[in-house]
Amino acid sequence: MSPWKRLGVIKFLLFAEYSFAGYCIALFIWAPSVLASEEDKVVMPLFSQQQNIPWHRIGKLSIQKPHIQQSPKQKMTSCTATLVAANLIVSAAHCLYDSEKKAYIHPEKLTFYAGLKGDLVSAATQITSYTVPSHTFPSGQFEGSALLIDWAVLELEQSIGCFLGHFPLWHQHVGGIEALITAGYAQGSAQYLTKTATCQSALPRNADSMWRLKNCALTKGDSGAPILVKVKGHTTPYIAGVISAGANDSHGRFRVVAVPSEQFSNTVNSKAKPCTGFDW
């Protein structure tokens with residue numbers, strides 16, 4: 001039986017400069033729920049040697065929502081996305097969902113800024129198309145498994161991963177996870193990547209259920225951020241999940257949930273293109 005019962009006060013970590021009509025409060029998207037309080041069972045060492053991680057493969061995904069009836073400055077939101085192939089990035093599906101129209105945003109409204117650091121950027125490119133597992137997104141009361149659809153694989157206009165590289169997806173045959181770290185473009189420092197090395201598994205990871213994490217000081221803008229994991233014998237980290245949302249359990253402990261990489265690995269593998277000639 002799943003350790004999840006009903007998700008309660010779910011906060012999607014989308015950085016929005018306005019409130020959606022209806023069920024949004026302040027800058028979070030809220031959905032009524034109750035997070036099951038299972039005893040945390042997993043202890044994992046903290047990620048070391050962070051300097052060896054190619055952070056420029058993580059970027060800011062800028063999202064324009066022109067239908068919102070507010071000033072031009074308030075029409076932009078942002079999430080975090082990561083290169084997973086020469087021509088692909090992965091992020092959270094709810095970042096792309098228009099809650100007013102109950103539909104997904106057109107790709108032309110999306111721009112990816114890889115390695116954004118203040119006024120500097122490693123590369124920037126538009127999005128040509130993207131894949132999400134469902135045409136709708138859950139609201140109101142729903143089971144935890146409903147959030148397994150909170151992933152999106154986006155195709156880039158330019159294959160910037162040919163020169164920036166990309167993170168491989170973790171799977172159990174690669175080896176056991178020794179430590180993890182995440183990084184995102186959080187509110188308040190949305191032009192700079194904020195790294196969080198304190199996150200740990202709160203429950204054992206399962207490919208078919210949401211991955212619950214503890215000790216994560218994440219906030220708006222971190223939606224779509226990668227869970228990078230260290231694997232023994234490998235120097236480059238793997239992506240083992242994508243940040244979806246945050247919630248307090250019945251003991252008041254803040255928990256972050258992530259979509260396991262197995263949920264989107266088939267899509268990445270089928271849409272990844274090799275670098276041929278000058279793709280960029």
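The values are calculated or read from the model by the stated rules, or taken from the named source; none is laboratory data. Quick caveat: nothing in here was measured; it's all calculated off a predicted structure. Reconstructed Cβ throughout: ideal geometry from the backbone, glycine too, with neighbour counts over all protein chains shown. What goes into the accessible areas is simple: the full protein's heavy atoms, side chains included, and nothing from ligands, DNA or RNA. Shrake-Rupley method; radii C 1.70, N 1.55, O 1.52, S 1.80 Å.
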On the basis of being at pLDDT 95 or above, polar (S, T, N, Q) and under 30 Å from Ala197 (Cα atoms), does Thr111 make the cut? yes
Can you list the strands (runs of 3 or more DSSP E) found entirely within region 122-206 that contain at least 3 residues being open to solvent by 40 Å² or more (accessible area, probe 1.4 Å)? 123-131
Regarding region 169-187, can at least one residue be identified that is under 29 Å from His106 (Cβ atoms) and at pLDDT below 90? yes
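Name the single residue that is modelled with the highest pLDDT among those in region 142-168 being under 19 Å from Gly241 (Cβ atoms) and of a type in the set (Gly, Ala, Ser).
It comes out as Ala152.
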Conditions (1) over 14 Å from Val256 (Cα atoms); (2) in contact with a helix residue (DSSP H, G or I) (Cβ under 9 Å, 6 or more places away or on another chain); number of the one not met by Ser223: (1)
Quick check on region 194-211. Is at least one of its residues without any contact (Cβ under 8 Å) to a residue 60 or more places away in the chain and among the β-branched types (Val, Ile, Thr)? yes
When region 214-265 is checked residue by residue, the ones that are open to solvent by 20 Å² or more (accessible area, probe 1.4 Å), of a type outside the set (D, E, K, R) and outside any loop (DSSP other than H, G, I, E, B) are Tyr238, Asn248, Phe254, Gln263, Ser265
